[in-house]
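The values are calculated or read from the model by the stated rules, or taken from the named source; none is laboratory data. This one's a predicted model, so the numbers in the text were calculated from it and none came from an experiment. Glycine also receives a Cβ, built like all others from the backbone with ideal geometry; neighbour counts cover every protein chain displayed. Ligands, DNA and RNA are excluded from the accessible area calculation, which covers all protein heavy atoms including side chains. Shrake-Rupley method; radii C 1.70, N 1.55, O 1.52, S 1.80 Å.
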Amino acid sequence: MAKFTTRLDNNFCFLSHNTSTSQSSILLNRTSRKNLQLQLSPSKHRFNFNVLCSIKEKENVKGEIEKVGGGASGGGLVNGVRVEELDRKTGLGRENASKEAGFDLVWPPWKNIPQRYKLIGTTSLAFVICNMDKVNLSVAIIPMSHQFGWNSSVAGVVQSSFFWGYALSQLPGGWLSKLFGGRKVLEIGVLAWSLATALVPVLAGFMPGLLLSRVLVGIGEGVSPSAATDLIARSIPLEERSRAVSFVFGGLSVGSVTGLLVAPTLIQNLGWESVFYLFGLLGIWWYLGFHFLGKGLASDAVEVEHVAPLQSANLHKSWNNSLEELAQTKTSWSNTQEELRASLKDVPWKAFFRRPAVWAMIYAHFCGSWGHYTCLSWLPTFFSEELNLNLREAAWVSILPPLASVFVTSIAAQFADNLIANGVETTTVRKICQAISFLSPATCMILSSLDLGLQPWEIVGCLSCGLALSSFALSGLYCTHQDISPEYASILLGITNTVGAVPGIVGVALTGFLLDSTHSWSMSLFAPSIFFYLTGTIVWLAFASSKPQSFSESD
């Protein structure tokens, strides 16, 4: 066994080498003063590196350096290694009462990344998996309908069942995120929807069971937006908020692209069941990785940057211990229930609904969701039946809108943050971005629904551009919740997202019903979306506001 001990004297580091037969030291030039504990184990040998720091006067350091140089010239060094005698001459041993300082290797690589970026990165990855589990059914519904003999109305009900759970979990998700912190709520949500996704093939032949599994997927995914909003509101400053929201929620577009790319190949080679098994497994892997990363974050909690004015003490808690710590503060289950009831009473519910800005957010969320959810669910079928594309071609063409959204999202975020940084009023910026997100898809849908003699590729390109530009909403509506109240941002998003989930329930099923009745994609898919996009723009421009609000019940 070989032992190497390095001792740091101001800017210079001495490395001593001890074996059973010899002792030696190495002089290293080093400017940093951090801890390093490194062990290497090549074959049967083991190397231990311990760093000690001794703060000395500059002249003393200079003298010791000269001694080392003299030894080298006199032949005392062999290949740059000097015997342990140097250690005794320089007096750098532990006996001189030097302070241990040292430096740590940067491992794992993300160790020194600010905690808020780690949170945003892992949350965005969860949203990637979220939309993979959301769009998988929109592709698998085609072979499933053929296998089980479903018509468009039944297929619409199956796809809309996801939104039943999604709508039910919005307000509870917002409240739980405020109470326990968004990290823990997100963690549980990902695990729940991943397990429910993996159950779909098992229950597919039994309609009530299939609907229940999709409801559970909706419940798990429904708490995620509020959990993410809570994280952003607590940890991200205003001048970075548009980019943070866009990066996190932009994961939805990446998830759509990934799901639509992978699903057709899996279905054609392994059957439609494989999509649900594989995507569910990805969520479980994320859950396990989240625990691993959470332990590292807990050890670095003292280094968290306080960047938000209302940043909660929850950011300093271990991800894995937050519920445990909460339980330790309760003396009994009855006390826990009492505190939960008190937390509900503390939320100024009435004050929320007395503000026109809140109603503008609610209606805008409803309008945007109608166009988004109906297109997300029905575009693959539209491309397959109306444009005569096969399953793989329809799925690949469906990738274009979310793929373009990935690029639009980054542009919109930078655009919004730059305007705010240059002094443009936040409300004005949010109105501009939201107006773009509504008017662009409305215009493209009008062009696609009219009989203008457009070629299939022209219709695909037009719809892709319009739906991609709707991503400006991430720098409009989705930032407004944090703008007006960081404290209640998760609950406000829970309120608006509850209403925003209604189009998923009503709109997706209604599209299938209208399609069976009219056999017209223009009347069933495009016309309702155009109406809501236009009216949503009017309401948003008239009543939206990003000014901070106190939401005091006495107001």
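For the stretch 437-449, the count of residues that are part of a helix (DSSP H, G or I) and at pLDDT below 90 is nonzero.
Determine which single condition Leu510 fails, assuming it passes every other condition in (1) within 26 Å of Val217 (Cα to Cα); (2) of a type outside the set (Val, Ile, Thr); (3) surrounded by 21 or more Cβ atoms within 10 Å (Cβ to Cβ). Failed condition: (3). Here Val185 meets the list (1) open to solvent by 40 Å² or more (accessible area, probe 1.4 Å); (2) in contact (Cβ under 8 Å) with a residue 40 or more places away in the chain; (3) of a type in the set (A, V, I, L, M, F, W, C); (4) more than 26 Å from Leu379 (Cβ to Cβ) almost entirely, failing just condition (1). Filtered by the rule that a residue be out of contact with any Leu (no Cβ under 8 Å at 6 or more places or on another chain) and either open to solvent by less than 10 Å² (accessible area, probe 1.4 Å) or without any contact (Cβ under 8 Å) to a residue 24 or more places away in the chain (or both), the stretch 469-481 gives Ser475, Gly476, Leu477, Cys479, Thr480. Hey, can you tell me all the residues within the stretch 267-291 that are buried (at least 22 other Cβ atoms within 10 Å of the Cβ) and aliphatic (A, V, I, L, M)? Matches in the stretch 267-291: Ile267, Val275. Among the residues of the stretch 389-412, those that are open to solvent by 20 Å² or more (accessible area, probe 1.4 Å) and outside any helix (DSSP H, G or I) comprise Leu389, Asn390.
Residues of the stretch 345-354 include at least one that is within 18 Å of Leu176 (Cα to Cα), of a type outside the set (Gly, Ala, Ser), at pLDDT 70 or above and assigned to a loop (DSSP other than H, G, I, E, B).
Quick grid of which residues meet (1) open to solvent by less than 70 Å² (accessible area, probe 1.4 Å); (2) not polar (S, T, N, Q):
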residue: Gln414; (1), (2): no, no
residue: Leu419; (1), (2): yes, yes
residue: Thr426; (1), (2): yes, no
residue: Cys444; (1), (2): yes, yes
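Of the helices (runs of 4 or more DSSP H) that lie entirely inside the stretch 452-555, those containing 2 or more residues that are under 28 Å from the mean Cα position of the chain (by Cα) span 456-469, 477-484, 489-502, 527-543.
Does Leu310 meet the test of being of a type outside the set (S, T, N, Q), assigned to a loop (DSSP other than H, G, I, E, B) and either under 29 Å from Gln115 (Cα atoms) or at pLDDT below 50 (or both)? Against the criterion (of a type outside the set (S, T, N, Q), assigned to a loop (DSSP other than H, G, I, E, B) and either under 29 Å from Gln115 (Cα atoms) or at pLDDT below 50 (or both)), Leu310 qualifies.
Being touching an Asp or Glu at 6+ places or on another chain (Cβ under 9 Å), open to solvent by less than 20 Å² (accessible area, probe 1.4 Å) and modelled with pLDDT of 85 or more narrows it down to one residue among Gly255, Gly209, Gly218; which is it? Answer to the selection: Gly255. Answer yes or no: is there a residue in the stretch 514-535 that is open to solvent by less than 40 Å² (accessible area, probe 1.4 Å) and on the phi > 0 side of the Ramachandran plot. No, the stretch 514-535 contains no residue that is open to solvent by less than 40 Å² (accessible area, probe 1.4 Å) and on the phi > 0 side of the Ramachandran plot.
Taking every residue in the stretch 446-461 that is more than 18 Å from Ser529 (Cβ to Cβ) and pairing it with any residue that is of a type in the set (Asp, Glu) and buried (at least 18 other Cβ atoms within 10 Å of the Cβ), at least 6 positions away or on another chain, yields no pair with a Cβ-Cβ distance below 6 Å.
Take the conditions in contact with a Lys or Arg (Cβ under 9 Å, 6 or more places away or on another chain) and open to solvent by 10 Å² or more (accessible area, probe 1.4 Å) and apply them to Trp164. Does it pass?
It is true that Trp164 is in contact with a Lys or Arg (Cβ under 9 Å, 6 or more places away or on another chain) and open to solvent by 10 Å² or more (accessible area, probe 1.4 Å).
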